[in-house]
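I have a structure I would like to understand better, so I am pasting it below and will then ask my questions one at a time.
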Amino acid sequence: MNTKIEAVGLSIILPVYNDAQAVDQFLPQLFEFTARQSSACEVILVDDGSQHDLSALYQQHLSQRPDNTALQLIRFSRNFGKEAALSAGLAHARGELIAMMDADGQHPIEVLAQMLTLINTNSVDVVAAVQASRDHESFLLRWFKRGFYYFMQDTNRYELKPNAGDFRIMRRKVADALLQLPERQRFMKGLYAWVGFPTLYVPFQAPPRQAGSSKFNYFSLFELALVGITSFSQRPLRWISRMGLLVSFMALIYGALIVGDTLFFGKDLAGWATLAAGIMFSAGIQLICLGLIGEYIGRIYEEVKQRPLYLVDKVWDSRDSKP
Ligand code: UDP
Ligand code: MG
């Protein structure tokens, strides 16, 4: 059965990294959803170098899939990151509509159904889910995110929608546009904004994970934010020159004050402490700026190497199996 599925209506991409248990619970729910669709569907699992072999899980769910649904598993040679996994999913997807969602159950299927209806009934090319409430996030994280979106938004030609992530559904042409972007540093949120196309946003509330734990901590989020900013915005570079101007201006004023004090009031020169603080302050600022420029150079270095985004170890496809 279901060996020949030519035209695919809907592809669903699930990036998976050490989330076998969650996928095991999520796939049957997803199959229930695809079974209700009138067109042919495909579910693409991208195994982003998980420690445990997902092929057993793939075999196990293969027989349980509905007639209109194909199942594919793409295994990377190692962990390349969620962004690479999504890109691989896009490259393999054959659907007219392509959806991307987390494999841990945090992206509800009801919202996917809603997004599918919206894209079918509206003349938009993308429907993206936006995390509604951020109450559980700490003050620090929210502050950090606000700063991030400020630095990211360096042009008003396109808009980076805050809290809209990878949970989205798009038409084929949008996926093709994303695949055309050659950069190695794939900050997907930025790429979605960059390609444009009419987009509709749907608010949603992410439930807790079905199993396992989040792969992102403060440190990795910070790294991702840095990739985002340095690959999309030149604002930090402009800030460096502004900061330089400001510090030079402050030094000039301070110098004039000291000269004035000595000439007109005969005061002794200010002490060692001021000098030491001044030197350390400017040295610190210079190091920060060098580091920042280094980040940009690092990005250029990564790009010029032209390495592939990911390496595929093996692909399993339900359509390849003998009837
Ligand atoms: N993921 C991935 N590669 C990674 C990290 C995560 O493919 O290097 C997948 C993970 O399996 C999950 C999705 O990306 O399906 C979101 O990850 P997670 O739930 O850890 O992120 P959070 O929901 O906490 O933002
Ligand atoms: Mg999650």
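The values are calculated or read from the model by the stated rules, or taken from the named source; none is laboratory data. Computed from a prediction, not measured in an experiment: that's the story for all the values here. All Cβ positions, even for glycine, are placed from backbone atoms using ideal geometry, and neighbour counts span all protein chains on display.
So D268 clears everything in (1) free of Cβ contacts under 8 Å to residues at least 60 places away in the same chain; (2) within 16 Å of ligand 1 (Cβ to nearest atom); (3) not in a helix (DSSP H, G or I); (4) not aliphatic (A, V, I, L, M) except one condition, right? Which one?
(2) is the only condition that D268 fails.
Take L71 and decide whether it is modelled with pLDDT of 90 or more and out of contact with any Gly (no Cβ under 8 Å at 6 or more places or on another chain).
Criteria met by L71.
Can you tell me which residue is farthest from K82 (Cα to Cα) among those in the stretch 12-31 that are surrounded by 23 or more Cβ atoms within 10 Å (Cβ to Cβ) and of a type outside the set (A, V, I, L, M)?
By that ranking, first place goes to F26.
Right, here's the next one. Looking only at the stretch 92-119, count how many residues are in contact with a helix residue (DSSP H, G or I) (Cβ under 8 Å, 6 or more places away or on another chain), away from ligand 1 (no atom under 14 Å from the Cβ) and within 17 Å of A70 (Cβ to Cβ).
Number satisfying all stated conditions: 5.
Test M170 against the stated conditions and say whether it is within 20 Å of I98 (Cα to Cα) and within 16 Å of ligand 2 (Cβ to nearest atom).
So M170 fails the test.
Still on this model: Kindly indicate the residue of the stretch 282-303 that is among the hydrophobic types (A, V, I, L, M, F, W, C) and free of Cβ contacts under 8 Å to residues at least 24 places away in the same chain and also farthest from S248 (Cα to Cα) among those meeting that condition.
I300
To continue, here is another question. Just the residues that are surrounded by 15 or more Cβ atoms within 10 Å (Cβ to Cβ), out of contact with any Cys (no Cβ under 9 Å at 6 or more places or on another chain) and in a helix (DSSP H, G or I), please, taken from the stretch 32-61.
L57, Y58, H61
Return the pairs, sorted by first residue and then second, in which the second residue is buried (at least 16 other Cβ atoms within 10 Å of the Cβ) and not in a helix (DSSP H, G or I), the first residue lies in the stretch 141-155 and is of a type outside the set (S, T, N, Q), the beta carbons are less than 7 Å apart, and the residues are 6+ apart or on different chains.
Going by the 7 Å Cβ cut-off, the qualifying pairs are Y149/L160; F151/S233; M152/L160; M152/S233; D154/S233.
Going through the stretch 205-219 one residue at a time, which ones are within 18 Å of the chain's Cα centre (by Cα), within 13 Å of ligand 2 (Cβ to nearest atom) and at pLDDT 80 or above?
A206
If the requirement is being under 29 Å from the mean Cα position of the chain (by Cα) and either part of a helix (DSSP H, G or I) or surrounded by 14 or more Cβ atoms within 10 Å (Cβ to Cβ) (or both), which of these qualifies: L245, L224?
Among L245, L224, only L224 is under 29 Å from the mean Cα position of the chain (by Cα) and either part of a helix (DSSP H, G or I) or surrounded by 14 or more Cβ atoms within 10 Å (Cβ to Cβ) (or both).
Which is touching a residue at least 60 places away in the same chain (Cβ under 8 Å) and on the phi > 0 side of the Ramachandran plot, of Q306, Q234?
Q306
Also: What are the residue pairs meeting all of these: first residue in the stretch 197-216, first residue closer than 19 Å to A164 by Cβ, second residue part of a loop (DSSP other than H, G, I, E, B) and near ligand 2 (Cβ under 9 Å from one of its atoms), Cβ atoms under 6 Å, and 6 or more apart or on different chains?
A206/Q106
Can you find even one residue in the stretch 184-193 that is within 16 Å of ligand 2 (Cβ to nearest atom), small (G, A, S), surrounded by 16 or more Cβ atoms within 10 Å (Cβ to Cβ) and over 24 Å from K305 (Cα atoms)? Write out each step before concluding.
Filtering the stretch 184-193 for residues within 16 Å of ligand 2 (Cβ to nearest atom) gives 188-189.
Imposing the further condition that a residue be small (G, A, S) reduces the set to none.
Checked against the condition, which is being within 16 Å of ligand 2 (Cβ to nearest atom), small (G, A, S), surrounded by 16 or more Cβ atoms within 10 Å (Cβ to Cβ) and over 24 Å from K305 (Cα atoms), the stretch 184-193 yields no hits at all.
Could you please let me know if Q180 is of a type in the set (S, T, N, Q), away from ligand 1 (no atom under 16 Å from the Cβ) and loosely packed, with under 12 Cβ neighbours inside 10 Å?
yes
Of R168, R186, which residue is closer than 18 Å to E303 by Cβ and within 16 Å of ligand 1 (Cβ to nearest atom)?
R186
Oh, and also: Could you list, in sequence order, the residues of the stretch 1-24 that are at pLDDT below 90, over 22 Å from the mean Cα position of the chain (by Cα) and within 16 Å of ligand 2 (Cβ to nearest atom)?
Q21
Would you point out which residue out of G49, G89, G81 is modelled with pLDDT of 95 or more, closer than 23 Å to Y310 by Cβ and within 14 Å of ligand 1 (Cβ to nearest atom)?
One residue alone meets the criteria, G89.
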